[in-house]
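First comes the structure, then the notes that go with it.
What follows draws every value from the coordinates through simple rules; no lab data is involved. Owing to the predicted nature of the structure, the values given are computational and were not obtained by experimental measurement. Every residue, glycine as well, gets a Cβ built from its backbone with ideal geometry; the counts of neighbours run over all protein chains shown.
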DNA sequence: TCATTGGTTAAGGAATCACTTGACTATAAA
DNA sequence: TTTATAGTCAAGTGATTCCTTAACCAATGA
């Protein structure tokens, strides 16, 4: 089982904003300069930069400046970290349901318990 | 493709806190009264209640009060909504990589493009 | 009945967030 | 060389977040 550290905080926090999710969706299609990322967004460029900084701080995005244009690309591993945590919870849930079903067939009458 | 509405904001926001993720992990194992949820946590009961309210507000948790004890249970569908969004991004990424690979085999020399 | 247990409400405070404007730098184009 | 483009830095603001304490209510057990 993975450790996740405190990084999940920052990843989920980053994804909790619609603007940043839109940026992620755009970057999934390929690397993009900042100005291109900013174009569809109704906010100032510094605001866009701040969103990019949040995405970079949690490792979801990396960027590189060439000449005067900074190009951003996504880092899919971190996206996967978040997905893994969610998947882990879901499978725990499903396993519990299975055990519950087995137990009911086995020994009906005993109620569900948190420890199960 | 699902709509997700503005609900992803609140779900990811809810998951962006380690205390709330711990609560989710506990609830995955089965329904639990508030006091039991609070026990391992180093904070006041009102603080715990506020976390529960955040989890309920995004639909991740439901609770019911019987007598004087309020029992919380998880709502796995909402967890899945978040997982689905992440999975969608990952598969988009993987499809893009495939197309990129095909294209390179097909016609080497043409660089990658955001629109690909 | 009275104290205890389990939870709730309200108010407030420090920190963080998402955004702004204004001033600025560096590269590229005319 | 001048001008436009692409991005950056700093400071400030209103809203939200996470937590606290204090007071409170309602169910339960002695």
Determine which single condition residue B:31 fails, assuming it passes every other condition in (1) within 13 Å of another protein chain (Cβ to nearest Cβ); (2) in contact (Cβ under 8 Å) with a residue 12 or more places away in the chain; (3) within 14 Å of DNA strand D (Cβ to nearest atom).
(3)
Within region B:34-49, track down each residue that is loosely packed, with under 14 Cβ neighbours inside 10 Å and within 14 Å of chain A (Cβ to nearest Cβ).
B:35, B:39, B:40
Out of region A:59-84, which residues are under 17 Å from residue B:89 (Cα atoms) and within 15 Å of DNA strand D (Cβ to nearest atom)?
A:61, A:62, A:72, A:73
